[in-house]
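The values are calculated or read from the model by the stated rules, or taken from the named source; none is laboratory data. None of the values given here were measured: they were computed from a predicted structure. Methodologically, a virtual Cβ is constructed for each residue, glycine included, from the backbone with ideal geometry; neighbour enumeration extends over all protein chains shown. Accessible surface is based on the protein model in full, side chains and every heavy atom, while ligands, DNA and RNA are left aside. Shrake-Rupley method; radii C 1.70, N 1.55, O 1.52, S 1.80 Å.
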Amino acid sequence: MKPLSIDQFAAQLRPETQRSVYESTKSTHEKRTKVLFDHFPDPNRLRELAGQIKQHVIENLDTYLPAVEAKLQAHGAKVHWAATAESANQTVLSILRARGATKLVKAKTMVSEEIGLGPFLEKHGIESLETDLGEFIVQIDHDHPSHIVRPIIHKSRREIAVSFEKNGLGAYNDEPAVITRRAREFLRQKYLQADVGLTGANFVVAETGRLVLVTNEGNSRFSLAAPKCHIALVGIEKILPRDRDLALFLNLLARSATAQQLTVYTEFISGPKAPTQPDGPEEMHVIFVDAGRTEVLASECREILRCIRCGACMNVCPVYRQASGHAYRAVYPGPVGAVLSPLLAGNRFPELADLPKASTLCGACSEVCPVNIPIPDLLLRLRNKNKLAHGPSSGTPPMGAWSVLASQPTAWKTSLAFGKAVGLVPYVPRAFKPSVLRAWDDHRTLPEWRGGEFRRWLAARKR
Amino acid sequence: MSNPERQRPTGKRVQLMATCLCDAFYADVARATVEVLEHLGCTVEFPDGQTCCGQPAFNAGDWAASRRVVRHVVRTFAGDAPVIVPSSSCAAMLSHGAPEEFAHEPDLPEILALGQRTWELADFIVNGLGVTTWPGRYETKAAFHRSCHARGTGTADAVRTLLRSLAGAELVEFDEAEQCCGFGGTFSVTFPHISSNMGHLKLEKIRAARPDLLIGVDTSCLMHLGGIANRDGAPIKTQHIAQVLRDALKNGGLL
Ligand code: SF4
């Protein structure tokens, strides 16, 4: 079955889901703006600086990645390189097998969603449990995250309470505090039983080989504290040059993502437990995942690799607010996803070629992006790429005839005079109007046709 | 969308780019633009061969078609006089969009040169000519919709500066003013549901501030918002900034 288009998905969305997505994204966006402008005289300068630093990083990955590998190894961590999603999954599995591990607790990582790690491990008989509350709810519901920071932004308290009840996590109760407590009690046992803790990383510092993780629930800390082995799954673009850059990036990330000055937990991890440390994982693996990123780097849209996954662009995006994340049919929704998801899809690009079109190019996303990614420009470059690759079948209105008209003044002026004749007026019966005009007409009236009137006024004045 | 380095105009000769929407629907906006510019002492030339700025094809991803139109624009608006457009969208096409699609073309320098002398009307009045007060009179309690293509340009501040100085005019603020109206060119017909929802939301926020007039710098946003309001049977009065400025002159007996 053909999947619903983004517009169709939005049209069939339950009004209460749409409202709650709209309201919570609006409120996060407004708090974000307030906190940034309250705390910094010119946050836009910070966004520009952060953008320059990340651009520098992605253009110099060939030197930064080996540097980071050397640092991590010097600290006793094992470094793995995964060119594809499959090899990343296999690497995780082989680490687990080598330890005879069967139970894994997992903190929130978008790259694991991207490579489909959860289902892969399940298929191989490994119990892989999400410990972030939102991701946990997604997991017990066999759902997908619809926002990169707030995976269950599309769910109501009521729905969550129902699925808790269904999954044996207590009688129906939709109090957020009760839901959180029940999840914590259930998860606590699991941390203690787990063989391996898996996390992502928000940043990896090249200078020191430090992994930095930010969370609000402390679940990543717990995932590192109890199990004997830590696996970090990291996209190759996550590098920052120096420790001091963290000052800028942590300040921007927390404010852009959740309007916080700092997340509740910030972890700095440089390697496995040192002999002098009382506890912590005795084994640490860092898996750097490419999975299409070097191709993005080689493309005309490489700026998207600056992304630090804050979600601010989806919070402000009017299309995301109307359609919600699942409309995008991809792990990364919203403006960032409209660029990144088709690119990461590789030869499945055509299946997601409609994503870059799901935008009025209003530019709200690039105005909030903490790394100043010119998202509308990238959307346009992708539209052009799609047009070049697929020509008339690319699903955009044909512009060839129009462009001939618009570069020939005589033809243009004639068409102005004949506008009435081609049905640009309300009294032409609906059935005779081109479909484009009907789509306009369904929701709006057209102003009265005044083709050529201005030119006639001007000419009359001269005489 | 940031402004390129701007050349301050040296003479008073300007070229008017009326826009295809004014050519087809909004004749009075083009006319008001001429009257406003002439009031400021400009000599307005209207290159007769002009058509459209090329944006529809640019946004559709058909850059080859768009470049054909932009090259026509360059030929039509030859010379070095400022090009004044009563639209932030067409202005952004020439100063930002065209350089993007010509990045690897040999005639990029000509495109950049055109972009540098292209101005949205209000931006030109305030930041080009240095005019910061508007004479005449206009009794209104108005809401101003800042078009998205005016992001990062001098347009929105310029409009506010002019309206604040105008006798009789009061500007009302409304919620989520930075949000898009939902027009987006072909987006309005290829994403009809989302587009009209966005328009309805924008109208709801505007109406909550109880203005008697909605002012815009782009006829496209006004056509979309006004069209939705009409279709809903609750029309809202809309005017382009050029019309407001021209009517103020008329009301003050200056025209
Ligand atoms: S593109 Fe920018 S705003 Fe969007 S998630 Fe990435 S960093 Fe945040």
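Here are some notes:
- When residues of segment B:101-112 are limited to those that are without any contact (Cβ under 8 Å) to a residue 24 or more places away in the chain and in a helix (DSSP H, G or I), the one most open to solvent (accessible area, probe 1.4 Å): B:P109
- Exclusive hit being within 16 Å of the ligand (Cβ to nearest atom) and buried (at least 24 other Cβ atoms within 10 Å of the Cβ), set A:A358, A:A330: A:A358
- Test: residue in segment A:450-461 that is modelled with pLDDT under 85 and either within 7 Å of another protein chain (Cβ to nearest Cβ) or out of contact with any helix residue (DSSP H, G or I) (no Cβ under 7 Å at 6 or more places or on another chain) (or both): no
- Between B:V69, B:V44, B:V34, the distinction of being facing another protein chain (nearest Cβ under 8 Å) and more than 24 Å from A:P376 (Cβ to Cβ) belongs to B:V34 only.
- Residues of segment A:188-216 that are closer than 18 Å to A:C229 by Cβ and more than 26 Å from the chain's Cα centre (by Cα): A:K190, A:Y191, A:L192, A:Q193, A:A194, A:D195, A:V196.
- Considering only residues in segment A:250-290 that are surrounded by fewer than 18 Cβ atoms within 10 Å (Cβ to Cβ) and within 15 Å of A:S223 (Cα to Cα), the one that is modelled with the lowest pLDDT turns out to be A:D279.
- Among the residues of segment B:75-93, not one is among the hydrophobic types (A, V, I, L, M, F, W, C), over 19 Å from the mean Cα position of the chain (by Cα) and in a helix (DSSP H, G or I).
- Selection status of B:E204, more than 14 Å from chain A (Cβ to nearest Cβ), out of contact with any Phe, Trp or Tyr (no Cβ under 7 Å at 6 or more places or on another chain) and open to solvent by 10 Å² or more (accessible area, probe 1.4 Å): no
- First in segment B:129-151 and at pLDDT 95 or above, second anywhere and open to solvent by less than 40 Å² (accessible area, probe 1.4 Å) and of a type in the set (F, W, Y), Cβ under 8 Å, 6 or more apart: B:A143/B:F174
- Lone qualifier among A:H80, A:H124, A:H144 - being more than 21 Å from A:G280 (Cα to Cα), in contact (Cβ under 8 Å) with a residue 60 or more places away in the chain and open to solvent by 20 Å² or more (accessible area, probe 1.4 Å): A:H144
- Filter pass, A:G346 being out of contact with any His (no Cβ under 7 Å at 6 or more places or on another chain) and either within 16 Å of the ligand (Cβ to nearest atom) or open to solvent by less than 20 Å² (accessible area, probe 1.4 Å) (or both): no
- Here A:A338 qualifies as in the same structural domain as A:S5 (by TED's automatic domain parsing), among the small types (G, A, S) and within 16 Å of the ligand (Cβ to nearest atom).
- If you go through segment B:119-173 and keep only what is more than 21 Å from B:L222 (Cβ to Cβ) and among the hydroxyl-bearing types (S, T, Y), you end up with B:T132, B:T133, B:S165.
- Scanning segment A:363-376 for residues that are free of Cβ contacts under 8 Å to residues at least 60 places away in the same chain and either more than 14 Å from the ligand (Cβ to nearest atom) or assigned to a helix (DSSP H, G or I) (or both) yields A:A364, A:C365, A:S366, A:E367, A:P376.
- Within segment A:303-327, considering residues that are away from the ligand (no atom under 13 Å from the Cβ) and touching a residue at least 60 places away in the same chain (Cβ under 8 Å), the one surrounded by the most Cβ atoms within 10 Å (Cβ to Cβ): A:V319
- Residue within segment A:289-301 that is within 16 Å of the ligand (Cβ to nearest atom), part of a helix (DSSP H, G or I) and among the basic types (K, R) present: yes
- Search result, residues across segment B:32-58 that are within 24 Å of B:P109 (Cβ to Cβ) and not in a loop (DSSP other than H, G, I, E, B): B:E45, B:Q55, B:A57, B:F58
- Checked against the criterion of being part of a helix (DSSP H, G or I) and either modelled with pLDDT under 95 or within 19 Å of B:C148 (Cβ to Cβ) (or both), the candidates B:H72, B:H96 yield just one match: B:H96.
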